[in-house]
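Worksheet for the structure shown next.
Where a number appears in this text, it was derived from the coordinates with a stated rule and is not lab data. Nothing here was measured: the structure is a model prediction, and the numbers come from that model. Methodologically, a virtual Cβ is constructed for each residue, glycine included, from the backbone with ideal geometry; neighbour enumeration extends over all protein chains shown.
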Amino acid sequence: MSSATRQATNALVFLGPACLFLVALLVIPIGVDLVVAFTDMSQTLTVDDLTTEQFRKIATPSDEALLGFELRYSFYKALMLTAVYVTCTLTIFNVGFALVLALTTTALPDWLGGIYRAIWLLPRMSPSVVYALLWLWSVDPTERGLLNQVLGVFGIAPINMKLDAPMVLIVFANGFIGASIGMLILTSAIRSIPEHLFHAARADGAGSLSVVRHIVLPHLRWPLSYITVFQALALLVSFEYIFLIMGPARSTMTMAMLAYTKTLAPDIGSGQYAYGAAITLILIVVGVAVALILYRLANMKALLARPRIEVH
Amino acid sequence: MKRTILTAATAALLATTAHVAPVAAEDVTVTLWSRADRSGPLRAGNIMDAAEQLNRMFEAAGADTRVTVELIETNAKGFDADALDLLKAHSVGETPDIAVAAHEWIGSFVEAEFAANLEEHIAANETMYADIIPSLWNAVKYKGERYGIPQDSEVRMFFVNNDILREMGKDEAFISNLQGRVEAGEFTMYDWCDLAAEAVDSGAAEYGWVHRPNVGPDFQMAMAAFGIDIYNDEEARLQITRSGLQDYYEWLDYCVDNGSLPADLTTWTWDSVHDAFRSGKAMGKFHGIWNVGAQMEAFDLSNADAYFDKLTWIHAPAGEEGGEPKNLSHPIVYVVGDTENKDIAAMLVAMASQHVPNTKHAVTTNHTPINYGQTAMPEFQDKGWALIAGTPMLDYAEFMPNHAKIGQYNAITFMGVQAVETGEMSPEDATAFVIEEMEIELGDDVIILD
């Protein structure tokens with residue numbers, strides 16, 4: 001076999017499946033979304049017109065507005081809720097809490113750290129409907145709810161999180177699951193730090209906090225950047241737990257939820273496929289923008305650059 | 001020479017066809033789309049039985065045609081989700097010959113060229129349909145013509161727990177006069193909330209009253225009680241009245257403020273809503289007659305007397321004194337697909353809609369009948385007392401319009417319900433917001449009146 005043929009075969013064998021996967025699950029859906037967003041497709045799935053009507057449902061032209069258009073209230077609200085939801089879940093749980101978990105569980109003896117990590121992996125391992133049901137039981141507004149039972153012990157009146165703090169509820173519910181991935185990645189990163197660095201630091205008289213600050217955190221820069229970018233994008237499009245816990249509530253109607261309720265969600269006026277596609281298209285644009293900004297901020301280019309030493 | 005061969009071949013072909021045709025049995029497979037639903041297994045079952053009956057008729061007539069029904073049982077969460085699935089199946093060429101559906105989808109089905117026009121079939125088989133309660137035909141009409149056959153009907157109302165009224169100190173005369181006062185327009189929606197708040201304040205009930213937690217047809221009767229006529233028949237367009245909508249939201253706001261309606265009701269599950277009423281915690285509930293079975297079980301009641309001693313039914317009272325009360329009927333219908341089997345499919349539907357099979361469905365699932373004569377049947381007299389009691393309520397019934405966008409319309413007005421009840425918006429803001437959403441999302445499909 002000639003070298004050229006072998007190279008071509010190798011490319012096909014090694015890159016083929018990934019390329020196929022990429023085209024079938026990413027490129028084609030985005031293409032379909034792009035086309036559908038500019039049609040009038042609804043319940044009957046027929047397309048009569050190519051139109052920008054769906055985008056006029058999202059924004060109306062306005063001379064006073066800075067960009068020449070004004071976002072409609074429900075869309076603006078969805079955008080703001082998405083920003084709050086993604087930022088809070090990401091910073092508090094998926095990155096912040098994941099880091100705390102990784103630092104604390106690696107500081108513990110191995111067996112104990114292992115148990116704690118296993119506990120934090122449980123939400124990830126349980127089926128989503130079961131996990132959502134556990135949350136629903138926990139925050140039940142009556143005195144039957146677990147949270148209210150605990151509050152009752154301290155003489156605090158029952159609270160209703162679904163009504164009074166819906167965003168806190170979905171941030172917690174998503175965060176408890178999201179923290180586990182970051183915890184695993186960061187734990188393995190901490191484990192890969194050469195042991196002698198810790199000994200050297202200790203020999204130089206560094207305390208635990210100094211070790212964390214000067215040795216562990218600098219080593220976690222790349223995994224933290226990766227988790228931030230990856231999880232920000234994942235959160236932007238996630239709606240599973242929001243839907244299971246809150247239903248189509250207005251108080252937690254993020255962009256992804258809005259797209260879902262307008263298209264496929266049962267019994268809430270769905271079937272507006274083109275409108276949903278337009279919302280999704282904007283979500284894709286927002287996602288790309290967020291990814292590029294974070295990529296730049298986290299200097300991911302340096303992470304993905306070729307190593308300076310060539311290894312043969 | 002060529003011509004001779006061709007003629008011979010044609011002759012041979014004709015001879016074979018002529019010879020074979022009477023011998024080969026013709027099997028017709030009719031596909032039936034039906035959602036797996038505890039509230040009506042016989043909706044599909046009656047069509048299967050009809051096919052067996054028809055096959056016996058063919059056999060008796062010496063005909064070789066045999067009909068097989070292929071059931072496509074879907075597991076959609078509700079009738080709306082099921083209708084969307086059905087439209088998707090139709091769009092890829094998998095059109096069923098018969099579908100069981102919620103009537104308001106007929107508009108969409110006609111627009112999608114799925115539903116067959118049944119006017120000719122009904123006219124040709126007049127005796128099979130002559131006893132159907134005429135008002136039910138309204139539920140299957142789109143632009144004046146019939147595209148379905150009513151399968152069952154029901155009536156939705158406010159249920160009142162009499163024991164809670166008694167505990168509040170109301171006497172028997174108050175309880176027995178309640179429905180009369182509602183029908184006379186003396187007892188209004190505001191009186192309803194006041195009564196429910198009194199139940200909570202007196203400690204007789206934990207909740208005043210509860211409604212469904214999600215989007216659905218029930219709200220339409222409350223809207224109608226505030227004078228909103230949601231459909232313009234002549235123009236076949238949806239309709240909303242700004243002032244009526246605001247009155248409706250102000251009423252909901254009033255109910256939440258006076259403590260009779262839980263502010264977070266729209267975040268409850270169905271189970272909690274059912275439980276609130278069936279466990280005796282709520283004074284009232286806004287739902288449908290098919291609940292009777294579950295209520296009998298929950299309150300441990302054994303007969304009609306015990307039931308009506310425990311519960312009272314009222315229409316949705318008028319919005320203001322002197323107005324007209326309303327309730328809602330939401331029939332399920334058979335729709336015949338515009339397929340090559342549509343004639344035989346329509347015959348199966350006609351057979352399944354006769355008194356005996358329909359009564360079997362109605363009494364086992366607590367749905368009101370489609371034919372007048374059914375109420376006289378012994379089985380109905382025996383097991384269908386609740387349905388007989390509910391049938392006169394149909395005089396006040398409204399139907400959902402058979403408009404393709406009614407699901408969207410309900411979802412938009414429900415956003416206002418959610419916004420007002422949770423305190424996110426004032427009734428005025430919610431009205432302005434809902435009207436804006438309607439203008440943008442429904443466009444020409446909705447007429448906005450002041």
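Annotation: lysines with alpha-carbon distance below 19 angstrom to B:K342 (same-chain offsets under eight excluded): B:K141. Summarising the overall dimensions of the stretch A:36-299 from its C-alpha atoms, the Rg and Dmax are 22.4, 76 angstrom. Between the helical axis of B:42-60 and the longest alpha-carbon principal axis of chain B there is an angle of about 30 degrees. For the stretch A:96-189, the set of trypsin sites (Lys or Arg not before Pro) satisfying both a DSSP loop assignment and a count of at most 15 other C-beta atoms within 10 Å is given as A:R144. Helix B:79-91 axis versus longest C-alpha principal axis of chain B: approximately 30°, rounded to the nearest ten. Going by alpha carbons, how many degrees (0 to 90, nearest 10) lie between the helix axis of B:427-442 and the longest principal axis of chain B? Helix B:427-442 and the main axis of chain B meet at about 10 degrees.
What the Kirkwood sum gives for the protein assembly as shown is a hydrodynamic radius of 30.2 Å, with every pair of different alpha carbons counted.
For chymotrypsin sites (Phe, Trp or Tyr not before Pro), no site in the stretch A:201-244 is both called loop by DSSP and has at most 15 other Cβ atoms within 10 Å. Subtracting the Cα-Cα distance of A:N299 and A:L20 from their residue separation scaled by 0.36 nm leaves 97.5 nm. To the nearest 0.05, how large is the calculated FRET efficiency for B:E424 and B:D305 if R₀ is 56 Å and r is the Cβ-Cβ distance? Efficiency, rounded to the nearest 0.05: 0.80. Projecting the alpha carbon convex hull of the stretch A:138-231 along each direction and taking the average yields 8.9 nm².
The Cα center of the stretch B:60-121 and the Cα center of the stretch A:239-263 differ in position by 30 Å.
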